[in-house]
1. For a quick check: with amide H placed at 1.01 Å from N, whose amide H comes under 5 Å from residue 194's, ignoring anything fewer than 5 positions away on the same chain?
2. Select one label from [x] 17.9; [y] 23.4; [z] 15.5: the one whose number is mean projected area of the Cα convex hull in nm² as derived from the coordinates shown.
3. Step through the residues of region 15-24 one at a time and calculate ³J(HN,Hα) from phi using the Karplus curve (6.51 cos²θ - 1.76 cosθ + 1.60, θ = phi - 60°), rounding each to whole Hz and writing x for Gly and Pro.
4. Tabulate in residue order the Karplus-calculated ³J(HN,Hα) for region 228-239, using 6.51 cos²θ - 1.76 cosθ + 1.60 with θ = phi - 60°, rounded to whole Hz; enter x for Gly and Pro.
5. For residue 46, which sequence-distant residues (separation of 5 or more, or a different chain) have an amide H within less than 5 Å of its own amide H, given hydrogens modelled in the peptide plane?
6. Once neighbouring chains are kept in place and the probe is 1.4 Å, which whole percent of the accessible area of region 157-208 is contributed by carbon and sulfur?
7. Would you list which aspartates and glutamates come within 12 Å of residue 224, measuring only between C-alpha atoms, while excluding same-chain residues fewer than 8 positions from it?
8. From the gyration tensor of the Cα coordinates in region 1-104, what semi-axes in whole Å does the equivalent ellipsoid have, largest first, with each one equal to sqrt(5λ)?
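The values are calculated or read from the model by the stated rules, or taken from the named source; none is laboratory data. Here the structure is a predicted model, which means the values were calculated and not measured. Virtual Cβ from ideal backbone geometry, glycine too; neighbours counted across all protein chains shown. The area values use the complete protein model at the heavy-atom level, side chains included, leaving out ligands, DNA and RNA. Shrake-Rupley method; radii C 1.70, N 1.55, O 1.52, S 1.80 Å.
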Amino acid sequence: GALPTELGLTPLRKIRFYGNFFSGSIPEEIGLMSNLDAIYLDDNALTGTIPGNLSTCPMLADIRMYNNQLTGTLPDLSMLDNLALFYMDHNFLTGSIPQSLFNSSSSSLTDLQLQMNKFDGFMPDLLENAILLKTLNLANNNLEGTIPKNIGTAKALKKLLLYGNSFDGTVPDELAFCSELESLGLHDNRFTGTISGLIGSLSKLKNLTLSDNGFTGTIPTLFKNLEILQQLSLEGNLLTGDVYPEMCEIGINTFTVDCDIECDCCSGCSEMDLLIDELGRYGVDESP
């Protein structure tokens, strides 16, 4: 059934309606709940748009509406100075990701999960305000453009997942300043250029997926410093050379490259046949 509109008349601090069969739209009356600090509406069948007046709930710190059928754009939430957790993944949301999510100079945002939607446009470039941000998941949308160089100011970042978009250009060296990174997922995009050896300075990295892009050059020798790396995916690029023996000493659980790259410790390889058909994505001309 539908969510009750009478919620707006109550002094509740938390709404926990997750994992049910609620349908219909989210009532605007929620915006009248001035004491509300958490709203869990995830795993339902809700439709319609996100109420624009959520920003009138000044105590809101935790918003979870993932796994629904919500549409429309994200509202302006720049007035929510306490917002820490914002989970809107697995919906049908569109438009650009608003810069207002990072507008506050003292942003309290720690987790932003917007994967599996239909967002387009560019990645927000005001990440210097996201000093507490630990998880940024924008995977499987329609985003494009480059990774902003000020990504390096998000020094608390542990998970950066951008795979399944149309990001292009080179991966900025400034990413090496995100020294807490544990998972970096950039596969299935349009990145080009060489892979920055500075990624090898991210000593806490456990998962690194760069497959299905247009990277060229060789595998950086500094990758041998990634001593706790568990997954490394490099297949589906234009890399050359071989995997040097020091890489095999790390003990990576899942290590995949293209089959024409010699590797004694890889767990699998990917044939290059299909890649030839996609070289046009990166402006590479293979004609004689």
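1. 216
2. After the calculation, the listed value that fits is [z].
3. 10, 10, 10, 6, x, 10, 10, 5, 10, x
4. 10, 5, 10, 9, 9, 10, 10, 5, x, 10, 10, 6
5. 69
6. Values: 860 of 1850 Å².
The C+S portion of the solvent-accessible surface of region 157-208 is 46 percent.
7. Excluding near neighbours in sequence, the set is 246, 249.
8. The three semi-axes for region 1-104 are 19, 18, 11 Å.
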